[in-house]
């Protein structure tokens, strides 16, 4: 039902140029897109807000390219992902090098204890620790971790959003979780 309402709004925008319909889409998806970009930018609120604005501008100007092969949210997250990557590439930022212990298995409870989502991360220290841990991941690992653990996306949706093969997404998730667990364990997040 929700997908149909999104498609109806997109149709209003593409066929009739109805800006109010697009405003409804922005209101609906603004928070998830901003949260996604906030995690990719490691808590940089100003940058994530700028990238979110760019995402919605790009989505508006390219909305005719939406083919409803996936949900509008998946398509919009893909636009946000590309906006972030375009920014990252043009700014020549390099990700922090992960110097974590290889070969350790993922302790899911350590990651669950420290993972932020829209209802948690009220502690500034916890938020800083999460962003510091995320900064140690490679860009693709951070994107996959953010989409799965924070936004609750499935591996197939992550693959659609990023354009990365599902098995590669699984590999990024495994490596990213291992690195996060090791970092968080070393910083006192063991039970």
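The values are calculated or read from the model by the stated rules, or taken from the named source; none is laboratory data. Quick caveat: nothing in here was measured; it's all calculated off a predicted structure. So basically every Cβ, Gly included, is an ideal-geometry build from the backbone, and we count neighbours across all protein chains shown.
Results, tabulated for the structure shown:
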{"item": "Scan of the range 163-176 for residues that are in contact (Cβ under 8 Å) with a residue 60 or more places away in the chain and either in contact with a helix residue (DSSP H, G or I) (Cβ under 6 Å, 6 or more places away or on another chain) or more than 27 Å from residue 128 (Cβ to Cβ) (or both), ordered by number", "result": "163"}
{"item": "Lone unmet requirement of (1) at pLDDT below 95; (2) more than 19 Å from residue 79 (Cα to Cα); (3) surrounded by fewer than 22 Cβ atoms within 10 Å (Cβ to Cβ) for residue 130", "result": "(3)"}
{"item": "Spans of helices (runs of 4 or more DSSP H) in the range 36-127 with at least 3 residues surrounded by 13 or more Cβ atoms within 10 Å (Cβ to Cβ) and at pLDDT 90 or above", "result": "45-61, 72-91"}
{"item": "Those residues of the range 139-157 which are more than 9 Å from the chain's Cα centre (by Cα) and part of a helix (DSSP H, G or I), in sequence order", "result": "139, 140, 141, 149, 155, 156, 157"}
